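Structure first, then comments.
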Amino acid sequence: MSLPRRWSFPLRYGAYAASWLGLAITLIAWPLGAPFWWTLPFLGLVALGSWDLRQRSRTLRRNYPILAHFRYCLESIGPEMRQYFIQSDTEERPFSREQRSAVYQRAKNVLDKKPFGSVLDMYAEGYEWINSSLAPAAPLDDASLRVEVGGERRHPYSVSLLNISAMSFGALSGNALQALNQGARRGGFYHDTGEGGISRYHLHGGDLVWEIGSGYFGCRDAAGAFDPEAFARNAARPEVKMIEIKLSQGAKPGHGGILPGAKVTAEVAEARGVPVGQDVVSPASHSAFSTPLELMHFIERLRELADDKPVGFKLAIGHPWEWFGLVKAMLESGIHPDFIVVDGGEGGTGASPLEFINRLGMPLLEALALVHSSLVGAGLRPKIRLAAAGKITSAFQMARALALGADWCNAARGFMFSLGCIQAMNCHTDRCPSGVATQDPRRGRHLDVADKRERVYHFHRNTLRALAEMLAAAGLAHPEELRPAHIMHRVSRHHISSYAELYPCLAPGELLRHTPDHPLFQRFWEESRADRFCAPAKVVALRQSA
């Protein structure tokens, strides 16, 4: 026989009960001369606690009226607490304090030197470095820090080794884009428009790479299909130096989206060529082409419409047979892009599902090595320039990408830091505290364009200067001399390998002679198709048998 339970007041209701008690005391004290406003805080807490008990969507609030809100508050500021008080200077989440500080200092054109030695553990697995030389080269001049794209074209373009990666108007505020563009104008580097079209904020004298995504913003008809006449008008702008077809991006490959009509303001509609106030769909795939061969012919068509300006594409590497299909399409059609931008899986974005950010797409180094090696093996590498994008903020990260085959690098978040971004991780909420990633005019207008454009310029200049000094210290007279063997990687405490060992490259023209011994090419090269993006038969059979 069980004993009857003794009644006890749950302590979790203590804050709610205390609020009632405070309200009662202040109401009694009011006629005795106490100010009425003393009752208001307790009245508010009683109302909040009563609502907590009555609502049914959150059990925590019903069990812990009023107190649960303190938990929510602490949880909401958890990232800031960790960033400012807990994380070490070298912990990357996603960028370390050391990385951000270097960008801030270079952007402000102040001392970026460090005392007392490195804070990195040089014996930890994954540590990387570039070997120095006892015979340093002379400092590199500015001309060696540029590369020509589209030498076969009527309007080739000289590209800086560091440029602003794709960020659309809508993702960034108008003032942020204007500062980026004016900084690019002063520094002589390009500003990628992002897939949101060419906005008025992109047109302040800086060179543009016009990115065209599946929504064809700036070159679409009323149904959302590609419009050649609209494309030709925008491509003829003197600011547009190259055209980039976005196949996919590292942070959310294969992911389309909808821009709600409430966000389609007059300025957004003007840039994208869409009606004001109507939902705008960005499909997951393009409608102008559906196979590798069709993409090559689309590239040729864009060149003709753009008066033979360089045309390329950006992609995140996923299924290797799809990339091999693109290479085969170049060989079969005789058409090739002037440049390819390889976007790594560590790339950033304003908003993306967690699984896309963390688990979808190949990281930059592996993707870049595969693309470079394939083009070398197909005999196409001398005709096509490569760019690398994905979490690049420093000279060493640039050197690492250049060593694996990139001709230049693009950075988005690095230039956002130069604008004053504090990594608040609020890009998707429209509440960016620094006025960079927001469309709230009350926030964006406080970003001072005249000041930030100078920071953009200085970050670019000082990062390239650091790259030039690093390469000279390694005994290299030109960035083209940088090879995978120059970059060392600690595999374990007692095992060191160079990138030449970790990322072997095919011999020139090897794919034209035979299938290489590399496992990836052995599995997928022969069965990849130029006329479709389908999976090889062996992959289909494996999926069906699982």
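For the range 490-545, what is the accessible area per residue in Å², given a 1.4 Å probe and the full set of protein chains?
65 Å²
With all protein chains present, how much of the accessible area of the chain (probe radius 1.4 Å) comes from carbon and sulfur, to the nearest whole percent?
Within the chain, the accessible surface is 56 percent carbon and sulfur.
For D517, tell me the accessible area in Å² from a 1.4 Å probe, rounded to the nearest 10.
140 Å²
Tally Lys and Arg at +1 and Asp and Glu at -1 over the other residues with C-beta under 13 Å from the C-beta of K328: what net charge comes out?
The answer is -3.
For D531 and A236, calculate 0.36 nm times their separation in residues minus their Cα-Cα distance, and state this gained length in nm to one decimal.
103.1 nm
From largest accessible area down, sort C534, C421; use a 1.4 Å probe on the protein chains.
C534, C421
Under a point spin-label approximation (7 Å from Cα along Cα-to-Cβ), what is the W37-R301 distance to one decimal in nm?
6.9 nm
Tell me the Rg and the Dmax, in Å, that the Cα atoms of the chain produce.
27.9, 100
Expressed in nm to one decimal, what extension gain is obtained for the pair L520 and F396 from 0.36 nm per residue of sequence separation less their Cα-Cα distance?
Taking 0.36 nm per residue and subtracting the Cα distance, the gain is 41.8 nm.
Could you give the Stokes-Einstein D for the range 178-329 in µm² per second, using the C-alpha Kirkwood radius, 10 °C, 1.306 mPa s?
So the translational diffusion coefficient is about 99 µm²/s.
If one computes the Cα centroid of the range 505-531 and of the range 381-424, what distance in Å separates the two points?
Answer, in whole Å: 28.
What FRET efficiency, computed as 1/(1 + (r/R0)^6) with R0 = 35 Å and r the Cβ-Cβ distance, is obtained for R543 and H428, rounded to the nearest 0.05?
My answer for the efficiency is 0.55.
Return the lysines within reach of K538: Cα separation strictly under 22 angstrom, same-chain partners fewer than 8 residues apart disregarded; answer none if there are no such residues.
K328
Cα axis of helix 320-333 to longest principal axis of the chain: angle in degrees, 0 to 90, nearest 10?
40 degrees
Counting Lys and Arg as +1 and Asp and Glu as -1, what is the net charge of the other residues whose Cβ lies under 11 Å from the Cβ of Q105?
+4
Hey, with R₀ at 60 Å, roughly what FRET efficiency would L60 and A137 work out to, going by the Cβ-Cβ distance, to 0.05?
Using R0 = 60 Å, I get an efficiency of 0.40.
Given a 1.4 Å probe and heavy atoms of the protein chains only, how would you sort S101, S173, S118, largest accessible area at the top?
The ordering from most to least exposed comes out as S118, S101, S173.
Which Rg and Dmax, in Å, describe the Cα atoms of the range 388-546?
When restricted to Cα atoms, the range 388-546 yields Rg and Dmax of 22.3, 62 Å.
Return a whole-number percent for the relative contact order of the range 115-259, with Cα pairs under 8 Å and 6 or more residues apart as the contact set.
Value for the range 115-259: 15 percent.
What's the center-to-center distance, using Cα atoms, between the range 174-205 and the range 279-333 in Å?
25 Å
With label points built 7 Å along Cα→Cβ from the Cα atoms of S492 and D112, find their separation and express it in nm.
3.7 nm
Nearest 10 degrees, 0 to 90: what angle lies between the long axis of helix 39-54 and the longest principal axis of the chain (Cα atoms)?
So the inclination is approximately 70 degrees.
Output the 0 to 90 degree angle, nearest 10, between the alpha-carbon long axis of helix 449-473 and the longest principal axis computed from the alpha carbons of the chain.
50 degrees
Rank-order 487-499, 190-202 by packing density, defined as the average count of other C-beta atoms within 10 Å over each peptide's residues, highest first.
190-202, 487-499
Could you check the simple spin-label distance between S76 and D308, using points 7 Å along Cα→Cβ, in nm with one decimal?
Label-label distance for S76 and D308, simple model: 6.0 nm.
Which number do you get for Rg(Cα) / (2.2 N^0.38 Å) in the range 141-218?
Cα Rg divided by the expected 2.2 N^0.38 Å: 1.13.
From the helices alone, meaning DSSP H stretches of at least four residues, give me the mean residue ellipticity at 222 nm for the chain, per-run term -39500 (n - 2.57), in deg cm²/dmol to the nearest 500.
Mean residue ellipticity at 222 nm (helix-derived): -11000 deg cm²/dmol.
Write down the accessible area per residue of the range 153-268 in Å², having rolled a 1.4 Å probe over the full set of protein chains.
31 Å²
So what does K538 come to for accessible area, using a 1.4 Å probe and Å² rounded to 10?
For K538, solvent-accessible area is about 100 Å².
The values are calculated or read from the model by the stated rules, or taken from the named source; none is laboratory data. Quick caveat, the model's predicted, so the values are computed rather than measured. Every residue, glycine as well, gets a Cβ built from its backbone with ideal geometry; the counts of neighbours run over all protein chains shown. The protein model used for the area step is the full one, side chains on, heavy atoms only, and it has no ligands, DNA or RNA in it. Shrake-Rupley method; radii C 1.70, N 1.55, O 1.52, S 1.80 Å.
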